[in-house]
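Before any comments, here is the structure.
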Amino acid sequence: MGKHVVIIGAGAGGASAAAEAKRTDPSLSIAMIEQRSEVSVAA
Ligand SMILES: Cc1cc2nc3c(=O)[nH]c(=O)nc-3n(C[C@H](O)[C@H](O)[C@H](O)COP(=O)(O)OP(=O)(O)OC[C@H]3O[C@@H](n4cnc5c(N)ncnc54)[C@H](O)[C@@H]3O)c2cc1C
């Protein structure tokens, strides 16, 4: 069974964490949980 990562918050920090985790281990399954209806638009 593969590894799973759950990231709370889909802001810039959450997106950066997801990207870095995937770079480190492309086989990871990543879920991002966001309380709002839209994700961040921060550049
Ligand atoms: C008025 C304003 C204008 C800005 N303009 C720009 C701009 O033009 N360009 C730019 O690059 N940056 C801009 N910024 C800065 C940018 O918004 C922040 O630097 C960036 O959003 C920080 O990202 P973060 O992931 O650390 O936090 P956040 O963006 O705050 O992300 C955290 C996320 O976690 C979610 N969250 C929190 N608790 C929970 C929970 N318990 N369960 C689920 N989800 C949760 C929140 O809803 C949020 O979406 C601006 C900021 C402000 C206030």
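Where a number appears in this text, it was derived from the coordinates with a stated rule and is not lab data. Given the structure is predicted, the values throughout are model-derived calculations rather than measurements. For neighbour counting, all protein chains shown are included, and Cβ atoms are generated from backbone atoms with ideal geometry for every residue, glycine included.
Computed quantities for the displayed model
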item: Inter-probe distance in nm under a simple model that places probes 7 Å from Cα toward Cβ, at Ile30 and Met1; result: 2.2
item: For the chain: rounded, prolate or oblate by the Cα gyration tensor [a/c cutoff 1.5]; result: oblate
item: Peptide ranges 26-39, 5-18 listed from the most packed, as the mean C-beta count within 10 angstrom indicates; result: 5-18, 26-39
item: Angle between the chain longest axis and helix 12-24 axis [Cα atoms, degrees, rounded to 10]; result: 10
